Amino acid sequence: MQKTFIKYTLAVMTAGILLILGIDFLFTLRSLESAQYNTFHTKIKQVVHTLENNQMELSLMNANLDRDYLTRAKAAEYVLDRQRNISMDVSEMQYLAKLLDVDELHIIDEKGIIVSGSVSKYIGMDMEDDKQTREFLSLLENEDENAYLIQEAQPNAAEKKMMQYVGVARKGQKGIVQVGFAPTRQMEAESRNSYKYIFSKFPTDVGEELYAIDVTEEKMVGHSGGMNLKYKGECYQIKHLLECTEGAYKEGQDGERMYVVSQLYDDVLICAAVPGTALFEMTKNDFLNTLLYFLIVEAGVIVLLNFLVKKKVIDGIHHIIDALSMITRGNLDITVSEAANQEFVELSNGINAMVESIISISDRISAIIEISGIPLAAFEYEMGTEHVFITSRLRELLQISDREAERLCGDSEEFDHYIRKIIEHPIEEEEDVYEINDQKYVRIYMSESEDGYLGVITDVTGAIMEKRKMQYENTHDPLTGLYKFPHFKQRAEEILRGMPSGKIGAMVMLDLDYFKSINDTYGHDMGDVYLQKFACGLRSLSRDHVIPARRSGDEFCIMIYDCESKEEIIQYLNELYAFLENHPVKLSDADQKVIGASAGFALAEGGNGDVSTLLSCADEALYDMKRGVKGHYVEYKKGLGDLSQGEINDGEQ
């Protein structure tokens with residue numbers, strides 16, 4: 001390679017010198033114009049590239065915001081349809097809007113009227129009255145319960161202020177939940193994507209001009225010198241500029257000849273111009289100086305080429321190629337160190353800086369995410385490579401140590417196995433949500449591309465905990481911690497339907513004896529303690545066979561299920577009365593009392609019976625007991641009438 005390189009270099013240099021000396025004079029001007037054309041062409045490409053990058057970032061930002069806004073709209077719909085006790089007055093809607101981090105929140109009924117919202121002046125608006133609001137009425141006609149509409153940012157109907165609205169169809173009833181956002185970030189991003197802004201930041205040489213003209217409206221849309229000039233010269237006229245795509249001279253503002261290069265992009269002519277005199281000042285060497293220069297260069301190359309190619313080029317190239325080969329195989333820990341010449345030192349430093357940049361990109365992304373306050377982590381890897389790129393918060397979200405993270409990031413296959421093991425068991429009724437431990441829940445999105453796998457992990461612990469808290473509050477009595485009666489009936493129906501044939505159960509209704517006198521004598525606070533103590537007795541029964549609930553006031557109910565015989569059911573009732581006997585309630589310093597309770601129960605067989613009917617039968621037995629001796633339980637028998645026809649149980653307690 002070395003001898004061949006020297007031979008061809010010498011031949012090319014000699015031929016080049018002879019050719020350049022022959023045509024230099026004739027083509028000097030053309031060369032200057034060509035060089036200027038390339039410079040302008042490059043600058044115009046940079047302007048176009050800047051525009052396209054800004055547009056891509058704007059599109060990506062809009063897509064991400066659309067997904068985020070839709071998620072918030074669905075969250076609002078979820079809360080409103082499942083929290084029927086929300087008053088939906090303006091203050092309540094403003095509070096909910098603040099929780100969801102949205103600027104506006106509206107509820108639209110089946111007639112297209114805003115019936116509630118966080119902005120009081122919008123309540124009562126008819127969505128049919130304006131083109132902007134009318135688009136959302138299509139959601140009322142759509143039978144898909146998951147239908148939604150994401151509207152572009154535009155002036156709203158009520159105040160003509162710029163807003164972006166997202167609407168989703170309600171699942172619990174006919175209507176729409178709509179959220180609104182002030183599009184501040186989009187408008188700022190769009191302003192940075194204008195020619196006026198880009199030219200104000202773009203560097204230009206002395207006398208050089210960059211400008212853009214809209215060919216459809218025939219007006220200047222951006223100029224590197226500002227927008228206050230008068231544009232009368234040929235170099236600003238569209239018909240003349242269309243002739244400058246390959247570079248041409250046109251008359252300037254004051255009659256001066258200008259060298260102009262133009263390029264059409266999206267109905268806009270992007271132009272660069274420089275005075276013609278500047279081109280002629282770029283060369284001052286005459287023919288003899290050029291000849292002497294090339295002779296010296298050729299002589300120096302011939303003398304030094306053999307040494308330099310071997311010691312300063314060939315060896316260094318092979319060294320760098322070997323290092324690059326190792327890097328492409330995923331060994332990012334290698335450091336390229338080639339000091340044969342300054343260029344190789346800079347190249348080595350550049351490669352090392354590139355590798356360090358690749359390695360640290362996750363830290364930069366993490367820093368951005370930390371600044372944003374979003375609990376998010378990302379990872380990227382390619383099967384077969386050694387290194388996995390992660391952001392710093394991934395350790396926290398997956399609850400792994402630094403040492404474990406370092407081990408996983410050093411082996412993409414091991415990391416892939418670890419992630420896929422997590423996503424094997426998603427949480428029921430949640431999309432892409434997984435439990436790391438009982439205090440950490442995350443959502444994991446993974447996508448496969450030609451280059452490998454990309455994943456995003458977000459912390460949804462707060463949302464899951466809040467949802468479970470809301471579910472608990474919806475289904476449990478706040479005083480006793482027992483099931484609320486509606487949820488108890490639902491659970492009882494599920495258990496009764498699923499109870500195997502041959503198994504039996506019982507629906508039991510209970511009522512505290514003389515509870516009113518406890519409240520009247522010792523006060524309602526002690527009455528609450530009395531109720532809580534009784535609830536403790538209900539919870540002391542086997543959770544595998546008994547579910548308790550508070551019906552109302554001092555009325556309770558339990559379901560006993562999956563029993564082999566009635567004797568087993570009687571045993572659980574006896575356990576309850578034994579607990580009450582052994583755990584009297586201290587009503588005052590001087591008084592304590594064993595909780596008295598009367599009960600009635602109705603038997604049910606596996607797969608048979610109706611919960612409401614069983615509760616009614618148990619209730620009938622209870623009130624027959626309450627009319628008699630109290631303090632015991634009795635089984636419901638058809639045509640009970642009086643206690644003698646039932647089965648009173650008192651001696652087994």
Charge dipole (the range 476-649, unit charges on Cβ, about Cα centre) - positive-most of Y514, L531, S552: S552
Degrees separating the helix 342-372 axis from the principal Cα axis of the chain, which is the longest one: 30
Ranked list, fewest to most other Cβ atoms within 10 Å of each Cβ, for C536, C244: C536, C244
Distance in nm between pseudo-label sites at L288 and Y231 (7 Å out along the Cβ direction from Cα): 4.9
Positive minus negative residues near G527 (Lys, Arg vs Asp, Glu; Cβ under 10 Å): -3
Computed E for Y78/S588 - FRET, C-beta separation, R0 56 angstrom, nearest 0.05: 0.70
R134, R627, R443 arranged by Cβ crowding within 10 Å, fewest neighbours leading: R627, R134, R443
Stretch gain in nm, segment Y249-E218, where the contour uses 0.36 nm per residue and the Cα spacing is subtracted: 9.1 nm
Computed Rg/Rh of the chain, alpha carbon atoms with Kirkwood Rh: 1.20
Dipole of the chain, positive end: most advanced residue of V460, T216, A299 [Cβ charges, Cα centre]: A299
Relative contact order (%) - the chain, alpha-carbon pairs under 8 angstrom, separation at least six: 7
Cβ-Cβ FRET estimate between I427 and N38, R0 fixed at 56 Å, reported to 0.05: 0.40
Mean Cβ neighbour count within 10 Å, used as a protection proxy, ranking 99-110, 248-259 highest first: 99-110, 248-259
Spacing of the two label points (7 Å from each Cα toward its C-beta) at D144 and E564, in nm: 5.6
T385/Q571 FRET efficiency (R0 51 Å; Cβ-Cβ; nearest 0.05): 0.20
Segment D513-V529, length gained on full extension (0.36 nm per residue, minus Cα span): 4.2 nm
Check: the chain dipole with +1 on Lys, Arg Cβ and -1 on Asp, Glu Cβ, in debye: 1100
Simple spin-label estimate for K171 and Y197 in nanometres, 7 Å along Cα-Cβ: 3.9
Per principal axis, descending, Cα span of the range 374-464 in whole Å: 35, 28, 23
Order of H583, H632 - criterion: other Cβ atoms within 10 Å of each residue's Cβ, fewest first: H583, H632
Separation between Cα centres of the range 366-438 and the range 137-192, rounded to whole Å: 34
Nearest-20 debye value, the range 476-649 charge dipole, Cβ charges on Lys, Arg, Asp, Glu: 220
Test item: Cα-centred dipole of the range 485-583, Lys/Arg +1 and Asp/Glu -1 on Cβ, debye: 320
Whole-number percent relative contact order across the range 476-649, with pairs defined as alpha carbons under 8 Å at least 6 apart: 29
Gain upon complete extension [A463, N608; 0.36 nm per residue less C-alpha separation]: 48.3 nm
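Read-outs: derived from the displayed coordinates by stated rules, not from any lab. These numbers were taken from a predicted model, which means no experiment stands behind them. We place every Cβ from the backbone using ideal geometry, glycine too, and count neighbours over all the protein chains shown.
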